[in-house]
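Working notes, structure below.
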Ligand SMILES: Nc1nc2c(ncn2[C@@H]2O[C@H](COP(=O)(O)OP(=O)(O)OP(=O)(O)O)[C@@H](O)[C@H]2O)c(=O)[nH]1
Ligand SMILES: [Mg+2]
């Protein structure tokens with residue numbers, strides 16, 4: 001064990017052994033900050049050694065879903081059911097040793113599904129190719145947690161992802177941090193802080209070597225949320241929770257498990273027996289929040305047969321990247337009809353955020369393609 005690993009283990013242990021109360025609150029906060037800084041250091045070293053890349057997975061399709069779970073929960077079986085891929089399956093752990101992609105179609109969108117090696121506790125330290133798997137998880141658009149009903153324990157798995165900077169079904173904290181060269185640190189807040197009052201935020205910032213600049217809180221954030229923002233390398237991903245092998249459950253067992261996992265809104269399937277797969281595919285499709293945008297060439301009706309598939313929050317710039325290259329280069333403005341437009345045919349720029357079923361005409365420079373409404 002390297003001395004960095006020892007330091008991380010020591011801080012983790014101290015956090016575990018410190019009872020949380022008003023008097024220890026700040027101390028624990030600082031320990032968590034210290035841990036975040038050490039973990040960043042570990043990541044940096046791993047990347048330096050080339051350990052961070054591991055799997056070169058080329059993303060394709062309109063969005064990417066990652067199958068995440070313990071070994072032998074049925075990830076590969078599920079990939080083979082959802083897509084035309086043929087990922088090896090087996091009754092022993094770690095059957096899958098690399099990332100296997102497959103493609104799933106849903107309402108005009110193509111969704112890339114990635115089968116991965118099983119995750120185990122200790123993955124962030126590099127166990128069972130864990131670091132490579134976690135780095136791929138960070139790059140997906142949606143996590144599909146696959147759960148075995150006999151070992152539904154999600155806590156250890158969630159902790160691994162937490163440790164790797166993945167935040168599941170959370171939105172980024174409303175905290176704005178700006179660093180400066182001098183002038184000290186100012187902390188302001190638009191709401192009353194109940195977790196980080198009385199200089200606690202500044203003390204935690206110091207653990208990150210952050211002494212000058214400003215922190216503005218727009219919500220009553222927790223210590224963990226502040227640390228996430230200061231660490232800066234967090235990804236915020238949506239996730240769905242799926243119980244596989246559910247054909248093995250008696251109705252009573254199923255009810256009990258559903259209650260245990262209530263907060264996760266689990267979907268029950270059987271990949272082997274093809275139960276619940278249609279509902280699962282719909283849930284995946286909705287969770288990815290696709291929108292359809294119709295392109296209307298100037299002077300012609302929009303092409304309603306072939307929408308461009310984008311995702312909620314995407315803007316004109318994203319649309320241009322899906323269209324022939326010259327449009328991106330000679331772009332001057334766009335006209336929009338539909339829900340995102342304040343009035344039909346509104347002229348907008350690159351940052352305009354589109355909505356489902358919008359119709360867009362791209363106006364290019366030199367008047368060669370004037371829009372005709
Ligand atoms: N009863 C039952 N068994 C299943 C189901 N889906 C998969 N299995 C079995 O579970 C075992 C593991 O399946 P895999 O698909 O290889 O699991 P995995 O999660 O990809 O495993 P690793 O690649 O080792 O992480 C195999 O013996 C499968 O036949 C299911 O819905 N019901
Ligand atoms: Mg597998």
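The values are calculated or read from the model by the stated rules, or taken from the named source; none is laboratory data. Nothing here was measured: the structure is a model prediction, and the numbers come from that model. Note: ideal-geometry Cβ built from the backbone for every residue, glycine included; neighbour counts use all protein chains shown.
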**Request:** Name the single residue, out of those in the range 79-96 being over 15 Å from residue 272 (Cβ atoms) and more than 8 Å from ligand 1 (Cβ to nearest atom), that is surrounded by the most Cβ atoms within 10 Å (Cβ to Cβ).
**Result:** 83
**Message:** Let me spell it out: the conditions are (1) within 12 Å of ligand 1 (Cβ to nearest atom); (2) closer than 20 Å to residue 168 by Cβ; (3) surrounded by 20 or more Cβ atoms within 10 Å (Cβ to Cβ), and residue 120 meets all of them except one. Which number is the exception?
**Reply:** (3)
**Count - residues of the range 236-261 that are surrounded by fewer than 18 Cβ atoms within 10 Å (Cβ to Cβ) and within 20 Å of residue 286 (Cα to Cα)** = 2
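Quick grid of which residues meet (1) at pLDDT 95 or above; (2) under 30 Å from residue 92 (Cα atoms):
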{"site": "125", "(1), (2)": "no, yes"}
{"site": "144", "(1), (2)": "yes, yes"}
{"site": "155", "(1), (2)": "no, yes"}
{"site": "165", "(1), (2)": "no, yes"}
{"site": "169", "(1), (2)": "no, no"}
{"site": "179", "(1), (2)": "no, no"}
{"site": "186", "(1), (2)": "no, no"}
{"site": "196", "(1), (2)": "no, no"}
{"site": "199", "(1), (2)": "no, no"}
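Out of all the residues in the range 310-318, is one or more away from ligand 1 (no atom under 16 Å from the Cβ) and farther than 29 Å from residue 237 by Cβ? Spell out the reasoning first.
Let us first name the residues in the range 310-318 that are away from ligand 1 (no atom under 16 Å from the Cβ), namely 310-318.
Add one more test, that the residue is farther than 29 Å from residue 237 by Cβ, and what stays is none.
No: zero hits.
Please find, within the range 123-168, the residue that is surrounded by the fewest Cβ atoms within 10 Å (Cβ to Cβ) out of those that are part of a loop (DSSP other than H, G, I, E, B) and within 14 Å of the chain's Cα centre (by Cα). Don't jump to the end; show me each part of the working.
Taking the range 123-168 as the starting set, the residues that turn out to be part of a loop (DSSP other than H, G, I, E, B) are 126, 138-141, 149-150, 152-154, 164-165.
Filter again for within 14 Å of the chain's Cα centre (by Cα), leaving 138-141, 164-165.
Numbers: 138: 16, 139: 13, 140: 25, 141: 19, 164: 22, 165: 20.
Within the range 123-168, the match that is surrounded by the fewest Cβ atoms within 10 Å (Cβ to Cβ) is 139.
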